[in-house]
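Contents: one structure, followed by commentary.
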Amino acid sequence: MNPHNQSIDELKQTAAQVRRDIVRMVHGVNSGHPGGSLGCTDYFVSLYFRLMNYSTDFTMEGKGEDLFFLSNGHISPVWYSVLARAGFFDVKELSTFRKLNSRLQGHPTTHEGLPGVRIASGSLGQGLSVAIGAAQAKKINKDKGLVYVLMGDGELEEGQVWEASMYAPHHKVDNLIATVDRNGQQIDGSTEEVMSLGDLRAKFEAFGWHVLEADGNNFELLLPAFEEAISATGKGKPVIILMDTEMGFGVDFMMGSHKWHGVAPNDEQLEIALQQLAVKVAADY
Amino acid sequence: MYGVLQQATIPDLKKKKTQMKEYTYTEKKDTRSGFGDGLLEVGRQNPNVVGLCADLIGSLKMGAFQKEFPERFFQVGIAEANMMGLAAGMTIGGKIPYTGTFANFSTGRVYDQIRQSIAYSSKNVKICASHAGLTLGEDGATHQILEDIGMMKMLPHMTVINPCDYNQTKAATIAIADYDGPVYLRFGRPSVPIFTPADQKFEIGKAVMLNEGTDLSIFATGHLVWKAILAGKILADKGISAEIINIHTIKPLDTEAVLASVAKTGCVVSAEEHNRIGGLGDSIAQALASSKPAPQEYVAVNDSFGESGTPDELMEKYGLTENDIVAAAERAISRKNA
């Protein structure tokens, strides 16, 4: 059971609140990664407020639950906001993001015992392997929960991703739904300028994955894609969603550019962003 | 003269009657077989134990475990980075993964994966590393890692174990399943004498006294423990009473045992099949420097890579024989008495 099971209208409200949290968190400490966080907000909100089965009484194993792993750990602001809004910890704690003695480290970690986080990430390319291992442990345990993992598209340049991509189909890890945040941007420019990723569908299909595509910034399109992905599990192949997103989505001056990958807005920019992210029901931390 | 070692002078010692505890063996075996047999046994004892191997099942002696527990064994192929991540992920479902590959590919090749996904994340992964050091022999320096103890001991949360013979490796392999946390277990390829009792309990972090002595302390790990015993006999014949201690756990170091021994003997030889930088010797020196410094001589590889050759030839060329330990002991005693 998803503890929230929100309607599309409610998901949109939650997403706007999460985006407010993101820009306020990175502004508050003048560092962090707003671009990818804003782009993936609808993905996170879909998982935690509609699709995943989990309990906010967090356990490391998550017996019988769906598990989520974030491989591109730098988009921690969106994950922290969603975990807090979903009920894993008090939203007030979001104000400690990236500060000394905080559980909300710059990149997610288990070290400080933050509920919802099962592995450290930040050094790229490692999350898919971890998620596959967790999925295989679920199979040994005859646990029906699914394992979700999100990777950035630039992250696919790491070799370990392709080691893992070869392994999962070979071992028929079919209780796994990976997603690539295909925003086309990385630190030094567009992915196609820096290191062209080419035809990702063809690449993953050649490796033996069940490949789906989705619009990651439109709930009306994203939810059906997820439902298709869930129904594709248990059929002998790992599933991957190539999810188109726009970096900085929801804040017009941050959209579509790699420039807001790891830069915080100033006071004036924050005000403009918050005006664009009005919400009706929730409240800022 | 610079570069030439001073002749050790050991006044009056030759007249002393010195006895060394007798150590014998009837069989030689490789420590990796101790790992393979231990893995099978711990697999029978604990259903959460799983095995992962990067295309080296035969070399790591993991075949018996694979055969008996096919549903708990995972062939990863030549993809060690992925193997470390998989193992970290499996711990989340309560599994106790034992990863198997050569020491080089268990550490240097995958340092960042171990650092982030295993050590920093405090995952209960047992990194089992064969063919450590020079004694894998003819394959040469690409495969002879001499830096692995240093890399692994520098990682917070990591336990580092280097057992000395078949029995101790088997016991260690079984014991680490009961410890909740990441472990680096280092062993090797050559057949070496089995001299520890088959029923000796393996206690992580607890040094093993092999011979009590008064003139110097020899702290040895891994394959060098047997060499230390051989050296102890030679030293006893010369009237030198060597205390010999097996440091199978380099981290956490049994500081208490080290300090107690050196308080009695006043000087030290450390012996390891590893670079002299960053290994057991440095751990001993650090413990002594923080408490009561003492003259220390290193028997270790002198900051170089290895090369092709037979294990014995390599140990000779790189200064890791019982005679090297004897010479180091005489230097240490001479410095103590200077």
Open item on the list: Can you compute the charge dipole magnitude of the range B:100-184 about its Cα centre, using +1 on each Lys and Arg Cβ and -1 on each Asp and Glu Cβ, nothing else charged? Give it in debye, rounded to the nearest 20.
Closed with: 240
Task: Bins of 5 Å, starting at 0 and running to the largest distance - Cα pair percent for the range A:210-285 - done: 3, 13, 17, 16, 15, 14, 11, 8, 4, 1, 0
TODO: Would you mind checking B:LYS29/B:LYS336; A:LYS63/A:LYS280; A:LYS92/A:LYS280; A:LYS99/B:LYS251; A:LYS12/A:LYS172 for any pair whose Cα atoms are more than 26 angstrom apart?
DONE: B:LYS29/B:LYS336; A:LYS63/A:LYS280; A:LYS99/B:LYS251; A:LYS12/A:LYS172
- [ ] Whole number please: convex hull volume per residue, Cα atoms of the range B:223-338, in Å³.
- [x] 102
Open item on the list: Restricting everything to alpha-carbon atoms, can you work out Rg to Rh for the range B:99-173 with a Kirkwood hydrodynamic radius?
Closed with: 0.96
- [ ] Send over the semi-axes of the protein assembly as shown's equivalent ellipsoid, whole angstrom and largest first, taken as the square roots of 5 times the C-alpha gyration tensor eigenvalues.
- [x] 54, 25, 20
Task: Charged-residue dipole, Cβ positions (Lys, Arg, Asp, Glu), the range A:8-276 about Cα centre, Debye nearest 20 - done: 920
Task: Principal-axis tilt of helix A:267-276 within chain A, Cα atoms, nearest 10 degrees - done: 60
Open item on the list: Let me check the size of the range B:61-143 from its C-alpha atoms; what are the radius of gyration and Dmax in Å?
Closed with: 13.3, 40
Task: Selection from A:GLN6, A:ASN175, B:TYR111 lying farthest towards where the dipole of the protein assembly as shown points positive, charges on Cβ - done: B:TYR111
Open item on the list: Taking 4 °C and 1.567 mPa s as the conditions, I'd like the Stokes-Einstein D for the range A:1-67 in µm²/s, using the Kirkwood hydrodynamic radius from alpha carbon pairs.
Closed with: 99
Task: Inter-centroid distance (Cα atoms) of the range A:177-255 relative to the range A:61-121, Å - done: 22
TODO: Note the per residue figure in Å³ for the convex hull of the C-alpha positions in the range B:28-193.
DONE: 94
Open item on the list: Along the charge dipole of the protein assembly as shown, pointing to its positive end and built from +1/-1 on Cβ of Lys, Arg, Asp and Glu, which listed residue (A:LEU242, B:ILE229, B:ASN167) has its Cα farthest out?
Closed with: B:ILE229
TODO: Work the Kirkwood hydrodynamic radius out for the range A:8-276: mean of 1/r over every pair of different alpha-carbon atoms, inverted, in Å.
DONE: 18.4
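In the range B:142-258, what % of DSSP beta bridges are antiparallel (nearest 5)? Don't skip to the answer; put the middle values down first.
On the way: 5 of 13 bridges.
That works out to approximately 40 percent antiparallel.
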Task: Cα-Cα P(r), chain B, percent of pairs per 10 Å interval - done: 6, 27, 34, 21, 9, 2, 0
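Would you mind giving the average projected area, over all directions, of the Cα convex hull of the range A:1-132 in nm² with one decimal?
That works out to 7.5 nm².
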Open item on the list: Quick check: residue separation of B:ALA260 and B:LYS67 times 0.36 nm, minus the Cα distance between them. What number comes out in nm?
Closed with: 64.9 nm
Task: Compactness relative to 2.2 N^0.38 Å, alpha carbon Rg of the range B:58-103 - done: 1.14
Task: Crossing angle, helix A:219-232 versus chain A [Cα axis fit, 0-90 degrees, rounded to tens] - done: 20
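Would you mind working out the magnitude of the charge dipole of the range A:140-222 relative to its Cα centre, with +1 at each Lys and Arg C-beta and -1 at each Asp and Glu C-beta, to the nearest 20 Debye? The partial results should precede the final answer.
On the way: 6 positive and 16 negative charges, 116 e Å.
Around 560 debye, computed over the range A:140-222.
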TODO: List every residue whose amide H lies under 5 Å from the amide H of B:GLU297, counting only residues 5 or more places away in sequence or on a different chain, with H placed 1.01 Å from N in the peptide plane.
DONE: B:VAL268, B:VAL269, B:SER270
Open item on the list: Between helix B:280-289 and chain B, what is the angle of the helix's C-alpha long axis to the longest principal axis, kept within 0 to 90° and rounded to the nearest 10?
Closed with: 60
- [ ] List, in order, the whole-Hz ³J(HN,Hα) value for each residue of the range A:184-194 obtained from phi through the Karplus relation with A = 6.51, B = -1.76, C = 1.60 and θ = phi - 60°; use x for Gly and Pro.
- [x] x, 10, 9, 4, 8, x, 6, 4, 6, 6, 6
Task: D (Stokes-Einstein, µm²/s), Kirkwood Cα radius, the range B:136-251, 1.567 mPa s at 4 °C - done: 85
TODO: Determine the relative contact order of chain A: mean sequence separation of Cα pairs under 8 Å and six or more apart, normalised by residue count, in whole percent.
DONE: 25
TODO: Sort A:SER123, B:SER290, A:SER76 so the one with the fewest other Cβ atoms within 10 Å of its own Cβ comes first.
DONE: B:SER290, A:SER123, A:SER76
TODO: Using only atoms on other chains, find how many Cβ atoms lie within 10 Å of each Cβ of peptide B:118-130 and report the average.
DONE: 3
- [ ] Would you tally the net charge around A:VAL91, using a Cβ to Cβ cut-off of less than 12 Å, leaving A:VAL91 out, and scoring K and R as +1, D and E as -1?
- [x] 0
Task: Neighbour-count order for B:GLU80, A:GLU268, B:GLU41, B:GLU138, fewest beta carbons within 10 angstrom listed first - done: A:GLU268, B:GLU138, B:GLU41, B:GLU80
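Taken together, the values in this text are just the output of simple stated rules run on the coordinates, not laboratory data. Given the structure is predicted, the values throughout are model-derived calculations rather than measurements. Heads up, the Cβs are rebuilt from the backbone with ideal geometry, glycines too, and the neighbour counts pull from every protein chain shown.
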